[in-house]
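Here the structure comes first, spelled out in structure tokens, and everything after it is commentary.
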Amino acid sequence: MNFFDKLTNKIPTISYEFFPPKTSAGWHTLYSTLGEVKQKNLDFISVTYGAGGTTRDKTLSLVERIQGELEIDTMAHLTCVGHSKSEIHSILEKLSDAGVKAIMALRGDPPQGQSKFTPHPEGFAYASELIAYIKKHFDFKIGCAYYPEKHSEAISLDVDIEHLKIKQDNGADFAASQLFFNNEKFYSFRDKAIKAGVNLPLTAGIMPVSSIGQMSKFQEMCACQIPGVLKGMMEGCSKQEAVEVGIAYATGQCVDLLKNGIAGIHLYSLNRSQAAALIVENLRLKGFLAVE
Ligand code: FAD
């Protein structure tokens, strides 16, 4: 069963997110990770799209490699940043020719040094417009982003949810979350989204953090709250203990979400497989994911 059939049949999916590295050392790490990932029987892998520059072209080659060599369904991220409609069209054609079946359709962040997103004069202003375009011209499954703790630019969570509903109405098939550490934030978001008419399968973005410094960085980057209990668990830990705490916390988060009907777990692996693999193993051992 492919990942989308699982989502529609309410069977929880498990997936990793990778990004195209900027350095040759980064590619080396990623390639050894890919070798290990093959045995993990993931439902899909998603590959991010850079904010600009050379890594953008690498998304396509990485997606092709994962699909071809690992034979795992791969979802390519695509953003509207700096692209006209015709550029977007030709990227989508290349992805379709490469056999990609799913696109994570995003607006993207303002490029570095700019505080506000300015759409390309012949491009798209919002992810919902990109989604409508993909739906009209291509045959991809379409993912979109959601933010349990509100997108940083949205005036309120309710308004942000209205915008998620537009993404659904324009053709999104499922939604993947921004990283979060507090499940209560997700449950409260889900209740509000359902009331607003959102019925997309919602997957959860989970990251096994490995240090207090890393946690603070992601708190700032993703505007997500770090629960006091997680901070407390990390305090005074050695490097190795902090890694173990991160894995244990993320496993607990996933177990709770799976018990409470999450559509899928999307692990932000940071191109390394060890922590993500241990979480997957923990969840299979506990019977929360099918044993392959
Ligand atoms: P949108 O859905 O367009 O929303 C952006 C803002 O506009 C929100 O505040 C929303 O409320 C508001 N809005 C939406 N529609 C309207 C409307 N009609 N009128 C007024 N306001 C509106 N970034 C990358 O560069 N590359 C990646 O690969 C990448 N992958 C991601 C994966 C996930 C799962 C997530 C959660 C984020 C990812 N991002 C990525 C980051 C994302 O690009 C940013 O968070 C970006 O700022 C918003 O993208 P969006 O698709 O959510 O935008």
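Observations, loosely collected:
- Qualifying residue in the stretch 251-271 (condition: of a type in the set (Phe, Trp, Tyr) and in a helix (DSSP H, G or I)): no
- Pairs linking a residue in the stretch 199-220 that is more than 19 Å from Asp256 (Cβ to Cβ) to a residue that is in a loop (DSSP other than H, G, I, E, B) and among the acidic types (Asp, Glu), with Cβ atoms under 8 Å and 6 or more positions apart or on different chains, are Leu200/Asp173; Ile212/Glu235.
- Elements of type helices (runs of 4 or more DSSP H) in the stretch 115-233, at least 1 residues being within 29 Å of Val245 (Cβ to Cβ) and open to solvent by 50 Å² or more (accessible area, probe 1.4 Å): 183-195, 212-222
- Selected residue [at pLDDT below 95 and within 12 Å of the ligand (Cβ to nearest atom)] from Pro119, Pro110: Pro110
- Of all residues making up the stretch 50-70, the number that are away from the ligand (no atom under 16 Å from the Cβ) and in contact with a strand residue (DSSP E or B) (Cβ under 7 Å, 6 or more places away or on another chain): 1
- Checking Lys10 against (1) assigned to a helix (DSSP H, G or I); (2) over 18 Å from the mean Cα position of the chain (by Cα); (3) over 28 Å from Glu87 (Cβ atoms), the condition it does not meet: (1)
- Residue selection: Met104 satisfies the criterion of being crowded, with 21+ Cβ neighbours inside 10 Å and near the ligand (Cβ under 8 Å from one of its atoms).
- Members of the stretch 71-92 that are closer than 18 Å to Lys135 by Cβ, more than 11 Å from the ligand (Cβ to nearest atom), in contact with a helix residue (DSSP H, G or I) (Cβ under 9 Å, 6 or more places away or on another chain) and open to solvent by 10 Å² or more (accessible area, probe 1.4 Å): His83, Lys85, His89, Ile91
- Only one of the numbered conditions (1) more than 10 Å from the ligand (Cβ to nearest atom); (2) farther than 23 Å from Asn271 by Cα; (3) over 16 Å from the mean Cα position of the chain (by Cα) is violated by Asp160, and that is (1).
- Any hit, the stretch 234-242, residues being in contact with a Leu (Cβ under 7 Å, 6 or more places away or on another chain) and either farther than 22 Å from Thr33 by Cβ or modelled with pLDDT of 95 or more (or both): no
- Per the conditions (1) buried (at least 21 other Cβ atoms within 10 Å of the Cβ); (2) at pLDDT below 95, the sole criterion not satisfied by Gly99 is (1).
- Which listed residue, of Ala145, Ala154, Ala176, Ala125, is touching a Pro at 6+ places or on another chain (Cβ under 6 Å) and within 8 Å of the ligand (Cβ to nearest atom): Ala125
The values are calculated or read from the model by the stated rules, or taken from the named source; none is laboratory data. What you see is a predicted model; the values in this text were computed from it and never measured. Don't worry about glycine lacking a Cβ; one is built from the backbone with ideal geometry, like all the others, and counts go over all protein chains shown. Surface accessibility is based on the protein's heavy atoms, side chains included, excluding ligands, DNA and RNA. Shrake-Rupley method; radii C 1.70, N 1.55, O 1.52, S 1.80 Å.
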